[in-house]
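Let me begin by presenting the structure, written as structure tokens, before commenting on it.
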């Protein structure tokens, strides 16, 4: 048994270390882990949204810099005006919204696979862009562009664009008019009441 376990642990360790050095490999590991878990629970996911949210929180959420991801959906000027408590409330509710959206999508999984291109690094080397292609039988591949940062010490997703639609800009176009119209506190109350 030890002879079997040791190589498996070595493989896992080297894959994890390599993934931290290379953002494309990091994304591939995250995608593979998510696909494996979805395949294991495919039938249950059709009816159990709580399980879907748990899979997203356990597998996908650790790969995201949640504060930066949330902050990018507001203008820099608006974010700086928020108190620490308001920033925390917004981040928690926004991430909950993202988790819910991803969880809903898990039930639609039908054997899609992901291919990741080589990363394009920033001049500083602590940010990178990675293009991926979601391959699906009988349909045109869906192009997803990820933006990642390693400022926290490991690669984290901070933004993404799906078929030319940038996620942070899309949310920003929804959030800012509401904030400007009703004020941040009323907006946060609205978010927390699940009306968004």
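Read the figures in this text as sums done on the coordinates, not as results from a lab. Values in this document were obtained by computation on a predicted structure and should not be read as measured data. Here the Cβ is made from the backbone with ideal geometry for all residues, glycine too, and neighbour counts use every protein chain on show.
Exposure proxy check: 79, 155 ranked by fewest other beta carbons within 10 Å?
Lowest count first: 79, 155.
Taking the DSSP beta bridges in the chain as the whole, what percent of them are antiparallel, to the nearest 5?
Bridges in the chain that DSSP calls antiparallel: roughly 95 percent.
Can you give the helix-only mean residue ellipticity at 222 nm for the chain, where every DSSP H stretch with n ≥ 4 adds -39500 (n - 2.57) and the sum goes over all residues, rounded to the nearest 500 deg cm²/dmol?
-17500 deg cm²/dmol
When the Cα centres of the stretch 155-196 and the stretch 18-61 are compared, how far apart do they sit, in Å?
24 Å
Please label the shape of the stretch 43-155 as rounded, prolate or oblate, based on the square roots a ≥ b ≥ c of the eigenvalues of the alpha-carbon gyration tensor (a/c under 1.5 means rounded; beyond that, a/b larger than b/c means prolate, else oblate).
oblate
Rounded, prolate or oblate: which fits the stretch 22-75, taking a ≥ b ≥ c as square roots of the Cα gyration tensor eigenvalues, rounded meaning a/c under 1.5, else prolate when a/b beats b/c?
Taking the square roots of the gyration eigenvalues as a ≥ b ≥ c, the stretch 22-75 is oblate.
With axes computed from alpha carbons, what is the tilt in degrees of helix 23-40 against the longest principal axis of the chain, rounded to the nearest 10 within 0 to 90?
80 degrees
Quick check: pseudo-label points 7 Å beyond the Cα along Cα→Cβ at residue 32 and residue 185, how many nm apart are they?
Inter-label distance under the simple model: 5.1 nm.
How far apart, in nanometres, would the label points at residue 41 and residue 80 be if each is projected 7 angstrom from Cα along the Cα-to-Cβ direction?
In this crude spin-label approximation the distance works out to 4.2 nm.
For a test of the definition: using alpha carbon positions, the gyration tensor, and the 1.5 limit on a/c, classify the stretch 89-172 as rounded, prolate or oblate.
Taking the square roots of the gyration eigenvalues as a ≥ b ≥ c, the stretch 89-172 is oblate.
Hey, what angle do you get for helix 167-182 against the long axis of the chain, alpha-carbon based, 0 to 90 degrees rounded to 10?
On a 0 to 90 degree scale, this one is about 20.
Helix 84-106 sits at what angle to the longest principal axis of the chain, using alpha carbons and giving 0 to 90 degrees rounded to 10?
Between the helix axis and the principal axis of the chain, the angle is about 50 degrees.
Under a point spin-label approximation (7 Å from Cα along Cα-to-Cβ), what is the residue 143-residue 131 distance to one decimal in nm?
A separation of 0.5 nm, rounded to one decimal place.
Kirkwood hydrodynamic radius, computed over distinct alpha-carbon pairs, for the chain: how many Å, to one decimal?
Taking every pair of different Cα atoms in the chain, averaging 1/r and inverting gives 18.4 Å.
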